[in-house]
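The structure is given below, and queries will be raised subsequently.
The values are calculated or read from the model by the stated rules, or taken from the named source; none is laboratory data. What you are looking at is a predicted structure, and each value in this text was computed from that prediction instead of being measured. For neighbour counting, all protein chains shown are included, and Cβ atoms are generated from backbone atoms with ideal geometry for every residue, glycine included.
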Amino acid sequence: MSFINYSSREINCKIVYYGPGLCGKTTNLQYIYNKTNPEAKGKMISLATETERTLFFDFLPLSLGEIRGFKTRFHLYTVPGQVFYDASRKLILKGVDGVVYVGDSQMERMEANIESLDNLRQNLQEQGYDLDKLPYVVQYNKRDLPNAIQMSELEEALNPTKVPSFEAVAPKGIGVFDTLKAVAKLVLTELRKGG
Amino acid sequence: MTQQLVMYEEELQQINSICEILHRDSNAKAVLVIDKNGQPIAQAGDTQQLDVTSLSSLTAGNVAATGGIAQLLAEREFAGQFHEGEKTNIHIKIVGERVILVVLFDERSSQGLVRLRVKKAATELTSVLETMIKKSASGSGSVFSEITDDDIDNLFND
């Protein structure tokens, strides 16, 4: 839920990266963190297990510049993708302003993709949100892998509502900023509507 | 789904003043007010050395996780938390179901004193929050209705 501070002239928004385990949510944030000017970012926090799997969330605060004299700050969060962390995922969706769904392009991860997407919709619903009404974009990650399936198939299975979607190779940064910009734009557009 | 929070000058001043009084009266190192979603709202005391943004996000995560545990135990919420460190202790309290009041203190104060002062501050904070929520409901987004597509595009021209 965006937080508008007229006193310090700031808009704060929360964006959540969602998707199945090992799809590259944390990698997206790491790339953004590495490529952003020091003055525009805060510390990136990863609450991860010893094997670097996300345990609770990753967090990256980002300043995108000013709009009509208001500083825009985006707080990027990832959820833990593994199925059994569902209680944690629900908590992180609280107060969300925009969602990025990161899908894994590999054939063998299709079932996990679909399960995660259903889980996203369900968890949002429990909090009173409707995925179809939220600022929402889709990213197809790992496009460089030989077992990546065709875009048309991914679109059909994972993006039935035809929201903006992006091909990505997160460790190389391909598609990472395009995805972020798209969701940030949607969030600001929603704010204009008074959402 | 919670409603969007809009902060105006008047309420922020009141919240700042509550923080400063609490900081002084409880002999605390620092006092923070954080939105339950992890956004820092106000602070008082020695916050120069603190990474307030990260602290806010992690505290909110902590409170959310504790809230999840409460639900599993059929409790409405655990309104307060206390963490004891070697040098710094932290007292966390949910106020008005919407914000989190955080007090960092050391050996110059005590948990009893902090709890006592927090109780008073929480009552005052609740009343300011109620005003804030009412105002948020009536006048939100007025400035932003004038934002154009160009304004948004310009943000991303790098």
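Output yes when any residue across the range A:93-107 is more than 9 Å from chain B (Cβ to nearest Cβ), aromatic (Phe, Trp, Tyr), under 30 Å from A:Pro160 (Cα atoms) and in a helix (DSSP H, G or I), and no when none is.
Checked against the condition, which is being more than 9 Å from chain B (Cβ to nearest Cβ), aromatic (Phe, Trp, Tyr), under 30 Å from A:Pro160 (Cα atoms) and in a helix (DSSP H, G or I), the range A:93-107 yields no hits at all.
Take the range B:12-21 and flag every residue that is more than 10 Å from chain A (Cβ to nearest Cβ), touching a strand residue (DSSP E or B) at 6+ places or on another chain (Cβ under 7 Å) and buried (at least 17 other Cβ atoms within 10 Å of the Cβ).
Residues of the range B:12-21 that are more than 10 Å from chain A (Cβ to nearest Cβ), as a first pass: B:14, B:17-21.
Imposing the further condition that a residue be touching a strand residue (DSSP E or B) at 6+ places or on another chain (Cβ under 7 Å) reduces the set to B:19-20.
Selection gives B:Cys19 alone.
I'm checking my understanding of the structure. Among residues of the range B:52-68 that are of a type in the set (Val, Ile, Thr) and more than 9 Å from chain A (Cβ to nearest Cβ), which one is surrounded by the most Cβ atoms within 10 Å (Cβ to Cβ)?
Step one: of the range B:52-68, the residues of a type in the set (Val, Ile, Thr) are B:52-53, B:59, B:63, B:66.
Filter once more, so that each one left must be more than 9 Å from chain A (Cβ to nearest Cβ): B:52, B:59, B:63, B:66.
Numbers: B:Val52: 16, B:Thr59: 20, B:Val63: 23, B:Thr66: 19.
Taking the candidates together, the pick is B:Val63.
For the range B:22-51, give me each residue that is more than 12 Å from chain A (Cβ to nearest Cβ) and part of a loop (DSSP other than H, G, I, E, B).
B:Ser26, B:Asn27, B:Ala28, B:Lys29, B:Asp46, B:Thr47, B:Gln48, B:Gln49 - these are the residues of the range B:22-51 that are more than 12 Å from chain A (Cβ to nearest Cβ) and part of a loop (DSSP other than H, G, I, E, B).
Next question. Is there a residue being of a type outside the set (Phe, Trp, Tyr) and in contact with a Cys (Cβ under 6 Å, 6 or more places away or on another chain) anywhere in the range A:116-131? Talk me through it step by step, then tell me what you get.
From the range A:116-131, those of a type outside the set (Phe, Trp, Tyr) are A:116-128, A:130-131; that's our starting set.
Next cut, in contact with a Cys (Cβ under 6 Å, 6 or more places away or on another chain) only: none.
No, the range A:116-131 has no match at all.
Further question: Quick check on the range A:16-53: of everything there that is within 12 Å of chain B (Cβ to nearest Cβ) and not in a loop (DSSP other than H, G, I, E, B), which residue is nearest to A:Ser116 (Cα to Cα)?
A:Val16
Could I ask something else about it? Of the residues in the range A:106-131, how many are under 11 Å from A:Gly19 (Cα atoms) and without any contact (Cβ under 8 Å) to a residue 12 or more places away in the chain?
Result for the range A:106-131: 1.
Taking the range A:56-92, which residues are of a type in the set (A, V, I, L, M, F, W, C), touching a residue at least 24 places away in the same chain (Cβ under 8 Å) and more than 10 Å from chain B (Cβ to nearest Cβ)? Before you say what the answer is, go through the steps one by one.
Of all residues in the range A:56-92, those of a type in the set (A, V, I, L, M, F, W, C) come to A:56-57, A:59-60, A:62, A:64, A:67, A:70, A:74, A:76, A:79, A:83-84, A:87, A:91-92.
Okay, now just the ones that are also touching a residue at least 24 places away in the same chain (Cβ under 8 Å), so A:56-57, A:60, A:62, A:64, A:67, A:70, A:74, A:76, A:79, A:83, A:92.
Correct list: A:Leu62, A:Phe74, A:Leu76, A:Val79, A:Val83.
Within the range A:1-15, track down each residue that is in a loop (DSSP other than H, G, I, E, B) and among the charged types (D, E, K, R).
Kept after step one, since they are in a loop (DSSP other than H, G, I, E, B), are these residues of the range A:1-15: A:1-2, A:6-9.
Selection gives A:Arg9 alone.
Somewhere in the range A:179-193, is a residue in a helix (DSSP H, G or I), within 17 Å of A:Gly19 (Cα to Cα), touching a residue at least 60 places away in the same chain (Cβ under 8 Å) and away from chain B (no Cβ under 14 Å)? Before the answer, list the steps.
Within the range A:179-193, the first condition is being in a helix (DSSP H, G or I), and the residues that meet it are A:179-192.
Remaining after also requiring within 17 Å of A:Gly19 (Cα to Cα): A:179-180, A:183.
In the following step, the residues that additionally are touching a residue at least 60 places away in the same chain (Cβ under 8 Å) were identified as A:179-180, A:183.
Adding the requirement that they be away from chain B (no Cβ under 14 Å) leaves none.
No; the residues of the range A:179-193 include none that is in a helix (DSSP H, G or I), within 17 Å of A:Gly19 (Cα to Cα), touching a residue at least 60 places away in the same chain (Cβ under 8 Å) and away from chain B (no Cβ under 14 Å).
Quick one: in the range B:79-99, which of the residues that are modelled with pLDDT of 90 or more and within 14 Å of chain A (Cβ to nearest Cβ) is surrounded by the most Cβ atoms within 10 Å (Cβ to Cβ)?
The residue in question is B:Val99.
Yes/no per residue for (1) more than 28 Å from A:Thr161 (Cα to Cα); (2) under 17 Å from the mean Cα position of the chain (by Cα):
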| position | (1), (2) |
| --- | --- |
| A:Met44 | yes, yes |
| A:Phe57 | no, yes |
| A:Thr78 | no, yes |
| A:Val83 | no, no |
| A:Asp130 | no, yes |
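Of (1) within 14 Å of another protein chain (Cβ to nearest Cβ); (2) part of a strand (DSSP E or B); (3) touching a Leu at 6+ places or on another chain (Cβ under 8 Å); (4) surrounded by 22 or more Cβ atoms within 10 Å (Cβ to Cβ), A:Leu124 satisfies all except one. Which?
(2)
Criterion first (at pLDDT below 95 and assigned to a strand (DSSP E or B)) does B:Ile69 satisfy it? So that I can check it myself, show each step before the final result.
On the way: at pLDDT below 95: yes; assigned to a strand (DSSP E or B): no.
No: the conditions fail for B:Ile69.
Every residue in the range A:159-178 that is part of a helix (DSSP H, G or I), within 15 Å of the chain's Cα centre (by Cα) and either away from every other protein chain (no Cβ under 14 Å) or closer than 22 Å to A:Ile67 by Cα (or both), please. It would help to see each step written out before you state the result.
Our first condition is that a residue be part of a helix (DSSP H, G or I); within the range A:159-178, this holds for A:170-172, A:176-178.
Those still in the list that are within 15 Å of the chain's Cα centre (by Cα) too: A:170, A:176-178.
Once the filter is applied, which keeps residues that are part of a helix (DSSP H, G or I), within 15 Å of the chain's Cα centre (by Cα) and either away from every other protein chain (no Cβ under 14 Å) or closer than 22 Å to A:Ile67 by Cα (or both), the range A:159-178 yields A:Ala170, A:Phe177, A:Asp178.
Being buried (at least 19 other Cβ atoms within 10 Å of the Cβ), closer than 21 Å to B:Phe144 by Cβ and modelled with pLDDT of 95 or more narrows it down to one of A:Leu154, A:Leu180, so name that one. Please lay out each step first, then the result.
Working: A:Leu154 fails: closer than 21 Å to B:Phe144 by Cβ.
None of the others qualify; the one that does is A:Leu180.
Check the range A:82-92 and report whether any residue there is crowded, with 21+ Cβ neighbours inside 10 Å and farther than 23 Å from B:Asp51 by Cβ.
Yes: the range A:82-92 contains one or more residues that are crowded, with 21+ Cβ neighbours inside 10 Å and farther than 23 Å from B:Asp51 by Cβ.
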